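Report on the following structure.
The values are calculated or read from the model by the stated rules, or taken from the named source; none is laboratory data. Since this is a predicted model, take the numbers as computed values, not measurements. Here Cβ is always computed from backbone atoms with ideal geometry, including for glycine, and neighbour counts include all displayed protein chains. The protein model used for the area step is the full one, side chains on, heavy atoms only, and it has no ligands, DNA or RNA in it. Shrake-Rupley method; radii C 1.70, N 1.55, O 1.52, S 1.80 Å.
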Amino acid sequence: MNKLFFTLSMLSAGVLFSQSQPQKNLELTFATYNVSMESENYFPRGTNGNSEKVLINQLESGNNAQIKNIAQIIQTVRPDVILLNEFDYIKNPKLGVKAFVKNYLKVSQGGATVIDYPYYYYSTVNTGQPSPYDLNNDGQLENFGNDAWGFGMYPGQYAMVLLSKYPIDVKAVRTFQNFKWKDMPGALLIKKPDGSDWYSSEAWAQFPLSSKSHWDVPVKVGKKTVHILASHPTPPSFDGAEDRNGKRNHDEIRFWKDYISDHSASYIYDDKGLKGGLPANSQFVIMGDQNASPVEGNAITEGIKSLLDDPKINSGFTPASKGGAEYSPQNPFGINHTAFWRMRADYVLPSKLGFKVVNSGVFWPAKGEPMSELVEKRESSSDHRLVWVKVALE
């Protein structure tokens, strides 16, 4: 534990750098960070005109305090590959991901060393995509919000972006935005109190599993390929006794367990129609805000527990922080929390194959430590914390 705290204090001082120079055992840092960079983070829900244009304006200015702090955190941890959850979908990269890199990451924030990510991947998601059905059964057909295919007030809200220092094999990326929930064997069905189906047969036939999307993004590290498995399942909340969001969260997490399996992935198809899961003996890292904890919260815990217990995944470590422990001193799990609302929600899970875990952590300095002001309040940066895992390639 002392070694862990020493490492985290070194991280707070900004001296942990990923090893990007050729060496015998190349070390890489993978990270996930829910940055809350969507319009309702800057303007209240329901504000007229809320859309991805809000984020476009903040990225162009280079002066948003929250985004500057987020950039400083990234510049300090210096991941080689990082997934950003809740980064609104902006079709034109010059206005979106490239503007973030140019105007924030390639500008020193708080004295931190600039960082560049020449490679990136992003795509459309289901949040805010209007459906023609009353999906929450409140008697009103609203298209957006709870009646969207994934909760959102406009298409692309709460989307995600992957940044990488290493080349991405874009042609080989697999996306699963349109995989239908009904096509998952044993899917958790949503029922009304009388036992009838919650969703109409027409809606269920079209219902996507992913509330945002699931991505398999191959990153080329020398001669090796590392599959980044990125997602952001729906929160298992904001529903009723039917637990429609809790069941969707469970099955969105289960998708990755089936995808990496040698025997359970035959039902899966991607958005190009290619069937099957991850090729056998592949190196992978599952990353993202899973909105579930094996020991806390209101998720159906079997989903995340089953993923963590998968024999292909190295989960023999749990990223930790001094700040999380200090924030929830009476909670024995506080040291591993990744969100200010007190839960482990965000994960970086490398495969056992091809990696040796060197270290891990949650960027959450304790009060009085360097850069603790970056996470002092919800509006300082995000309601989540950056989670990182450093591995050596084998």
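Check F238 against each of (1) over 30 Å from A392 (Cβ atoms); (2) in contact with a Leu (Cβ under 8 Å, 6 or more places away or on another chain); (3) open to solvent by 50 Å² or more (accessible area, probe 1.4 Å) and name the one condition it does not meet.
(2)
If a residue counts only when it is within 17 Å of F363 (Cβ to Cβ) and of a type outside the set (D, E, K, R), which helices (runs of 4 or more DSSP H) contained entirely in segment 28-129 have at least 1 such residues?
65-77
Please specify each residue of segment 12-50 satisfying the condition of being modelled with pLDDT under 95 and in contact with a strand residue (DSSP E or B) (Cβ under 6 Å, 6 or more places away or on another chain).
Of everything in segment 12-50, those that are modelled with pLDDT under 95 and in contact with a strand residue (DSSP E or B) (Cβ under 6 Å, 6 or more places away or on another chain) turn out to be S18, Q19, N25.
When segment 285-328 is examined, which residues are found to be assigned to a loop (DSSP other than H, G, I, E, B) and among the aliphatic types (A, V, I, L, M)?
Across segment 285-328, the qualifying residues are A292, V295, A299, I300, A320.
Take segment 162-187 and flag every residue that is open to solvent by less than 40 Å² (accessible area, probe 1.4 Å) and under 20 Å from I260 (Cβ atoms).
Those that are open to solvent by less than 40 Å² (accessible area, probe 1.4 Å) and under 20 Å from I260 (Cβ atoms): L162, I168, V173, R174, T175, F176, Q177, F179, W181, M184, A187.
Any idea which residue in segment 78-95 is nearest to M160 (Cα to Cα), counting only those that are among the aliphatic types (A, V, I, L, M) and surrounded by fewer than 24 Cβ atoms within 10 Å (Cβ to Cβ)? Reasoning before the result, please.
The first filter runs over segment 78-95 and keeps only residues among the aliphatic types (A, V, I, L, M), leaving 81-84, 90, 95.
Narrowing the set further to residues that are surrounded by fewer than 24 Cβ atoms within 10 Å (Cβ to Cβ) leaves 90, 95.
On the way: I90: 10, L95: 15 Å.
So the residue we want is I90.
Would you kindly identify the strands (runs of 3 or more DSSP E) lying entirely within segment 329-394 that contain at least 2 residues that are open to solvent by less than 10 Å² (accessible area, probe 1.4 Å) and of a type in the set (A, V, I, L, M)?
346-350, 387-393
Residue-by-condition table, conditions (1) within 22 Å of V226 (Cβ to Cβ); (2) within 20 Å of the chain's Cα centre (by Cα); (3) open to solvent by 50 Å² or more (accessible area, probe 1.4 Å); (4) among the β-branched types (V, I, T):
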residue: I260; (1), (2), (3), (4): yes, yes, no, yes
residue: L274; (1), (2), (3), (4): yes, no, yes, no
residue: P279; (1), (2), (3), (4): yes, no, yes, no
residue: Q283; (1), (2), (3), (4): yes, yes, no, no
residue: G303; (1), (2), (3), (4): no, yes, no, no
residue: L307; (1), (2), (3), (4): yes, yes, no, no
residue: P311; (1), (2), (3), (4): yes, no, yes, no
residue: F317; (1), (2), (3), (4): yes, yes, no, no
residue: S321; (1), (2), (3), (4): no, yes, no, no
